[in-house]
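J.: Take this structure first; my questions come after.
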Amino acid sequence: MRIYRGKDYKDMSRKAANILSAQVILKPSCVIGLATGSSPLGVYKQLIEWFIKGDVDFSEVTTINLDEYKGLEPENPQSYRYFMNDNFFGHINIRPENTNVPEGLAPEAEECARYDRVIRQAGGIDMQLLGLGRNGHIGFNEPGGAFDKDTHCVTLTDSTIEANMRFFEKAEDVPRQAYTMGIRSIMQARRIVVLASGEDKAAIVKEAFFGPITPQVPASVLQLHNNVTLVGDEAALSMM
Ligand code: F6R
C-alpha cells in the first residue's frame, strides 16, 4: 500500500486529484469508480478547476458510482445521483450517458443484476475512489457482511444513518436501505484510492490498514488488494 500524507484536507484532495487526473491522461477512455460523501468533495472541486484550465479532459471517461439510496429518485437533492451531478458531472465535459449511479427507484433484483452488467460491459473499473466510514464501511458494505458480494441491497446500520443524518432534515428522512457495489466488485477494481480526512477517521484508518482482516471491519479487506493508495491528511493519519 502506498500512503500519501497531505497537510490538510485541501492538500490531500489535490494529491488524490493528481492521481485521478494521471489515470485519465494516461488512459482517456478509462473507467473510474466514484464515491459521494464529504471525503471526495475536495477532489471533485480540484478536478473541475483543472478541467476549466484545460488540463484534463473527461469526454471519453466512464464513471461508475458505488451506491445509491433505495427509494430516492434521481431528482431528489438527497440522492447520490443528484450529488454527483451537482458536485462533479455538471461541471465537466463527461457525457451524461457515460455516468452510472444505481437507480434508487428500480426493483432490487433487476437493478443489482443490471449494475453488475454495467461494470462488466465497461471492462471493469480501472481506478476506484473510496471514502471510509467510521465503522470501517466502504460503499454501503457494513460490518459483518460477506466479502464475496457483488451489487446488492443493504439495510443501513444505526451508526451510518446517524452519520448521514447531517444531510437530511430529520432522522426519519434518511432512507433505511441502499444499493451498493459489494466488496467483491470493489476488490476487482485494478487500482483503489482511499481518502481519509479528519481526526474522527484516525482510529478506523489504523484498524482497517494495520489491524486484522475481518468482515467486522469491511475496509480491512483492502489489505488483500495489490494496488491500494491511501491519501489522508495529518489528522486522519495521526495514529499510524
Ligand atoms: C459514499 C460511500 C460511503 C462514504 C463513507 C465516508 O458513496 O459509499 O462509504 O464513502 O461513508 O463518508 P464521508 O466521506 O462523508 O466521511
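Here, each number is a calculation from the coordinates, and none is a lab measurement. Treat the numbers as computed from the prediction; the structure is a model and nothing was measured. Every residue, glycine among them, receives a Cβ derived from its backbone with ideal geometry; neighbour counts consider all protein chains shown.
J.: With the Cα gyration tensor of segment 107-162 in hand, give its eigenvalues times 5 under a square root as the equivalent ellipsoid semi-axes, listed largest first in whole angstrom.
T.: Numbers: eigenvalues 101, 46, 17 Å².
After diagonalising the Cα gyration tensor, the semi-axes are 22, 15, 9 Å.
J.: For q = 0.13 Å⁻¹, what log10 I(q)/I(0) does the chain give under the Debye formula with an equal point scatterer on each alpha carbon and no solvent?
T.: Computed log10 I(q)/I(0) values: -0.74.
J.: Note the count of lysine pairs whose C-alpha atoms are less than 16 angstrom apart in the chain, limited to pairs 8 or more residues apart or on different chains.
T.: Values: Lys7/Lys15; Lys7/Lys201; Lys10/Lys45; Lys15/Lys45; Lys45/Lys53.
Lysine pairs satisfying the spacing and distance rule in the chain number 5.
J.: Among bridges DSSP assigns within the chain, what percent are antiparallel (round to 5)?
T.: Working: 8 of 30 bridges.
Taking every DSSP beta bridge with both residues in the chain, the antiparallel ones total about 25 percent.
J.: Here's a follow-up. For Arg166 and Leu105 in one chain, what is 0.36 nm times their gap in residues minus the Cα-Cα distance, to one decimal in nm? Numbers along the way, then the final one.
T.: Numbers: separation 61, 0.36 × 61 = 21.96 nm, distance 2.27 nm.
Full-extension gain reported as 19.7 nm.
J.: Just to be sure I understand the model, the point goes 7 Å from the Cα along the line to the Cβ. What's the resulting Asn227 to Arg117 distance in nm?
T.: Rounded to a tenth, the inter-label distance reads 2.8 nm.
J.: In nm, to one decimal, how far is the modelled label at Glu75 from the one at Ser59, with both set 7 Å along Cα→Cβ?
T.: So the two model labels end up 3.1 nm from each other.
J.: Using only the alpha carbons of segment 49-183, determine the length spanned along each of the three principal axes and report them from longest to shortest in whole angstroms.
T.: Answer, in whole Å and largest first: 43, 33, 27 Å.
J.: Which whole DSSP H helices in the chain pass both tests: a Cα extent of 24 Å or more along the axis and a mean Kyte-Doolittle value no lower than -1.0?
T.: Working: long enough: 9-26 (25 Å, 0.13).
Both cut-offs are met by 9-26.
J.: Once label points are set 7 Å from the Cα along Cα→Cβ at both Lys206 and Tyr4, what is their separation, rounded to one decimal in nm?
T.: 2.5 nm
J.: Using the beta-carbon distance between Arg95 and Glu199 and R0 = 35 Å, what value does 1/(1 + (r/R0)^6) give for FRET efficiency, to the nearest 0.05?
T.: Numbers: r = 39 Å, r/R0 = 1.12.
That gives a FRET efficiency of 0.35.
J.: What dipole magnitude, in Debye to the nearest 20, does the chain give about its Cα centre under +1 on Lys/Arg Cβ and -1 on Asp/Glu Cβ?
T.: Around 860 debye, computed over the chain.
J.: Let me ask something else about it. Under the rule of -39500 (n - 2.57) per DSSP H run of 4 or more residues, summed and divided by the residues of the chain, what mean residue ellipticity at 222 nm is obtained, to the nearest 500 deg cm²/dmol? Walk me through the intermediate numbers first.
T.: Details: 7 runs with 74 residues, N = 240.
Value at 222 nm, helices only, nearest 500: -9000 deg cm²/dmol.
J.: Ranked highest first by average number of other Cβ atoms within 10 Å, how do 82-89, 120-127 line up? Don't jump to the answer; show the numbers that get you there.
T.: Working: 82-89: 18.8, 120-127: 16.2.
So the order, starting with the most tightly packed, is 82-89, 120-127.
J.: Report the one residue of Gly123, Phe167, Thr36 whose Cα lies farthest in the direction of the positive end of the charge dipole of segment 16-191 (charges on C-beta: Lys and Arg +1, Asp and Glu -1; origin at the Cα centre).
T.: Of the listed residues, the answer is Gly123.
J.: Please give me, ordered by residue number, the GluC sites (Glu not before Pro) of segment 117-196 that lie in loop per DSSP and have at most 12 other Cβ atoms within 10 Å.
T.: When the GluC sites (Glu not before Pro) of segment 117-196 are filtered for loop state and at most 12 Cβ neighbours within 10 Å, Glu169 remain.
J.: I've got another one for you. Report relative contact order for the chain in percent, whole number only (criteria: Cα-Cα under 8 Å, sequence separation at least 6). Don't jump to the answer; show the numbers that get you there.
T.: Values: 491 pairs, mean separation 60.9, N = 240.
Once normalised by length, the contact order is 25 percent.
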